[in-house]
Amino acid sequence: MHLATIKELLAGKNLLQEITIKGWVRTFRSNRFIALNDGSTLGTIQCVVDFENFDEELLKKVNTGAALKIKGTLVESQGRGQSVEIQVSDLEILGIADPDEYPIQPKKHSLEFLREKAHLRIRTNTFAAIMRVRSTLSFAIHNYFRENGFNYFHAPIITGSDAEGAGEMFRVTTLDEKNPPLTEDGDVDYKQDFFGKETNLTVSGQLEAEAYAMALGKVYTFGPTFRAENSNTSRHLAEFWMIEPEMAFFDLDANMDLAEDFIKNVISYTLTHCQEDLEFLEKRLLDEEKSKPQAQRSDMALIEKLKFVVDNNFKRVSYTEAIDILKNCKPNKKKQFTYPIEEWGTDLQSEHERYLVEKHFKCPVILFDYPAKIKAFYMRLNEDGKTVRAMDILFPGIGEIVGGSQREERLDVLKEKIKELGIDEKELWWYLDLRKFGTAEHSGFGLGFERLVLFATGMGNIRDVIPFPRTPQNAEF
Ligand code: ATP
Ligand code: MG
Ligand code: MG
Ligand code: MG
């Protein structure tokens with residue numbers, strides 16, 4: 001039995017042929033028209049039943065959400081709104097969905113409501129569209145790297161290193177709670193977490209990627225990363241996916257060139273391959289914006305915004321220039337920033353990043369050459385002795401989407417830095433080996449996949465672009 005997909009049928013294949021399809025009911029109108037969806041496409045196919053020929057009890061079970069097997073003939077539709085429909089000859093209920101209990105009814109559900117139903121929300125058009133875009137982006141990412149000579153490398157999930165030094169790690173533990181190993185002071189010795197060693201869930205695959213780049217030349221990881229940050233923003237998750245390319249013999253400029261080309265390429269791929277879903281998401285967004293005051297509406301529709309990113313150069317600005325802009329601006333007539341920038345050396349908050357991108361430059365911005373003291377230990381110190389070759393890419397509506405740098409390749413400088421920060425050199429012995437044996441200039445960056453999906457779909461909350469979000473509130477299933 002050939003099972004047709006609704007996508008194939010809507011494309012006009014199999015016209016006037018006997019076909020079998022399986023899918024889920026979206027609506028059932030006038031005891032006659034079933035709108036069926038099978039996930040292959042955004043749309044539904046209209047299945048027409050002559051109710052006189054079907055058992056009444058059977059038709060009572062054709063409710064929103066029920067799984068059906070339908071046999072029939074694909075014919076041109078006389079009705080408006082669809083070009084083809086199925087004249088149903090046989091209908092089988094595979095699985096019922098009791099309308100008194102099934103929460104995903106054909107009406108507009110709020111995103112907050114759907115977040116509570118993460119296992120069912122994928123049955124709505126909005127989430128199906130988002131997740132198809134997510135899947136396509138993911139493919140485009142692998143495709144880009146493959147075409148550009150990168151090897152895909154799998155970084156470990158359980159690791160002893162804290163790449164960012166931010167101390168926001170989840171412990172991995174095998175400790176026997178009833179009989180834990182103790183320190184000399186009698187406290188539980190968490191340094192023996194993992195069969196006698198201290199380990200965590202990875203916050204970034206970068207350090208390991210550096211090891212691989214120093215042999216394979218160009219590598220990338222694309223995997224889950226974890227941050228035990230108790231933040232409740234619309235941009236942070238406790239578990240998110242990160243894309244981390246790492247390239248030997250790349251300086252910071254080459255790194256920025258690659259990052260920009262990469263983002264443009266994957267968005268362009270998605271524009272071509274997800275047109276229908278993007279149009280749907282754009283329309284949804286426009287409807288939503290109608291209820292907002294004019295000033296809060298965005299000046300570009302979703303697809304236009306994506307095309308803008310593909311077609312325009314990102315603005316490259318040094319941290320120092322950015323500080324000058326921020327010091328001298330008035331973000332709006334009445335209000336200054338909540339966190340005023342008082343001096344060179346302070347880290348930017350997302351309100352500053354968004355000001356630069358959305359108000360000042362009105363395009364994606366790459367900020368580079370940050371003060372060493374606000375960035376991680378592994379970044380290449382500049383000749384001025386106070387800035388490092390770091391870069392962040394800032395996006396409209398998102399803020400930081402990429403964090404990257406050229407890495408410190410000089411053993412003596414790196415050792416000095418580690419000492420300054422009070423990190424135990426022994427913990428990084430293997431990382432220092434990379435500088436001892438055949439060291440060379442190298443660079444890389446980390447792009448938060450969900451932030452990219454946020455941008456590509458125009459959604460406003462990161463919880464809505466990952467299947468099962470992990471935040472301090474959502475880790476139930
Ligand atoms: P932010 O300033 O937004 O907290 P970060 O500077 O802490 O981000 P990096 O360590 O630079 O983040 O990580 C690289 C990228 O990973 C970021 O640019 C961002 O796209 C993404 N990212 C970081 N933390 C999170 C998170 N908690 N949830 C989702 N994505 C994240
Ligand atoms: Mg952070
Ligand atoms: Mg940051
Ligand atoms: Mg960062």
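The values are calculated or read from the model by the stated rules, or taken from the named source; none is laboratory data. Please read all numbers here as calculations on a predicted model, not as lab measurements. Heads up, the Cβs are rebuilt from the backbone with ideal geometry, glycines too, and the neighbour counts pull from every protein chain shown. Surface areas here come from the heavy atoms of the whole protein model, side chains and all, with no ligands, DNA or RNA. Shrake-Rupley method; radii C 1.70, N 1.55, O 1.52, S 1.80 Å.
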* Sequence-distant aspartates and glutamates (8 or more away, or on other chains) whose Cα lies within less than 15 Å of Lys117 -> Glu101, Asp464, Glu476
* Show which lysines lie in cross-link reach of Lys330 when reach means a straight Cα distance below 25 angstrom and same-chain residues fewer than eight apart are skipped. => Lys292, Lys315, Lys359, Lys362
* Structure fact -> Amide H proximity to Lys315 below 5 Å, modelled H, separation 5+ or other chain, gives Val365, Ile366
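Give the calculated FRET efficiency between Ala254 and Tyr102 to the nearest 0.05, with a Förster radius of 45 Å applied to their Cβ-Cβ distance. Don't skip to the answer; put the middle values down first.
Working: r = 53 Å, r/R0 = 1.19.
Step by step, r from the Cβ atoms, then E = 0.25.
Could you tell me the calculated FRET efficiency between Leu411 and Asn461, based on Cβ-Cβ distance and R0 = 60 angstrom, to the nearest 0.05? Kindly include the intermediate steps, with their values, before the conclusion.
Working: r = 44 Å, r/R0 = 0.74.
Once rounded, the FRET efficiency stands at 0.85.
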* Helix 275-290 axis, angle to the chain major axis (alpha carbon atoms, nearest 10°) -> 80
* Asked: Hey, quick one: spin label on Asn143, modelled 7 Å out along Cα-Cβ, who in the range 225-269 has an amide N within reach, i.e. under 15 Å?
  -> 262-269
* Once the Cβ-Cβ distance between Asn151 and Ala440 is put in as r, and R0 is 30 Å, what FRET efficiency do you end up with, to the nearest 0.05? -> 0.95
* Asked: For the range 6-95, what Kirkwood radius comes out of the mean inverse Cα-Cα distance, in Å?
  -> 12.8
* Structure fact -> Here the range 189-205 yields Karplus 3J(HN,Hα) values (6.51, -1.76, 1.60; θ = phi - 60°; whole Hz; Gly and Pro given as x) of 8, 5, 5, 10, 2, 10, 6, x, 10, 9, 9, 9, 7, 5, 9, 5, x
* Asked: Once the Cα atoms of helix 206-216 and of the chain are each reduced to a long axis, what angle between those two axes, in degrees from 0 to 90 to the nearest 10, is obtained?
  -> 90
* Structure fact -> Between the Cα axis of helix 302-311 and the main Cα principal axis of the chain, the angle (0 to 90°, nearest 10) is 40
* Structure fact -> Around Thr5 (Cβ within 12 Å, Cβ-to-Cβ, excluding Thr5; K/R +1, D/E -1) the net charge comes to +1
* To do: Can you tell me how much longer the chain between Arg297 and Leu16 gets when fully stretched, taken as 0.36 nm per residue apart minus their C-alpha distance, in nm with one decimal?
  => 96.5 nm
* Roughly speaking, what is the stretch gain from Lys191 to Asn474, that is 0.36 nm per residue apart minus the C-alpha to C-alpha distance, in nm to one decimal? -> 99.0 nm
* To do: Go through 90-96, 450-456, 233-239 and give me the packing order, highest mean Cβ count within 10 Å leading.
  => 450-456, 233-239, 90-96
* Asked: Which of the aspartates and glutamates could be linked to Lys22 by a straight reach, that is with a Cα gap under 14 Å, when you skip same-chain ones fewer than 8 residues away?
  -> Glu8, Asp38, Asp90, Glu92
* Asked: How many nm is it between the label spots at Arg29 and Asp324, if each spot is 7 Å from the Cα in line with the beta carbon?
  -> 6.2
* Asked: In terms of modelled amide H atoms, which long-range or inter-chain residues lie less than 5 Å from the amide H of Ala155?
  -> Phe222
* In nanometres, what is the gap between the two model label sites at Ile423 and Leu182, each 7 Å from Cα along Cα-to-Cβ? -> 3.4
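Probe radius 1.4 Å, ligands and nucleic acids ignored: give me the carbon and sulfur share of the accessible area of the chain as a rounded percent.
On the way: 11860 of 24110 Å².
Here it works out to 49 percent.
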* Asked: Where the centroid of each part is defined by its Cα atoms, how far is the range 389-422 from the range 68-132 in Å?
  -> 48
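Taking a ≥ b ≥ c as the square roots of the eigenvalues of the Cα gyration tensor of the chain, is the shape rounded (a/c under 1.5), prolate (a/b larger than b/c) or oblate?
On the way: a/c = 2.20, a/b = 1.76, b/c = 1.25.
Prolate shape, in that a/c is at least 1.5 and a/b is the bigger ratio.
Given the pairs Lys373/Lys426; Lys264/Lys335; Lys7/Lys107, which are separated by over 26 angstrom at their Cα positions? Display every interim value, and only then the final one.
Numbers: Lys373/Lys426 22 Å; Lys264/Lys335 34 Å; Lys7/Lys107 23 Å.
Check vs 26 Å cut-off fails for Lys264/Lys335.
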* Asked: Under the definition of Cα pairs under 8 Å and six or more residues apart, what whole-number percent is the relative contact order of the chain?
  -> 13
* **Links that overshoot a 31 Å alpha carbon limit, given the list Lys60/Lys290; Lys60/Lys108; Lys305/Lys417** => Lys60/Lys290; Lys305/Lys417
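Glu229 to Gln336: extension gain in nm, 0.36 nm per residue of separation minus the Cα-Cα distance?
Details: separation 107, 0.36 × 107 = 38.52 nm, distance 2.78 nm.
Here the answer is 35.7 nm.
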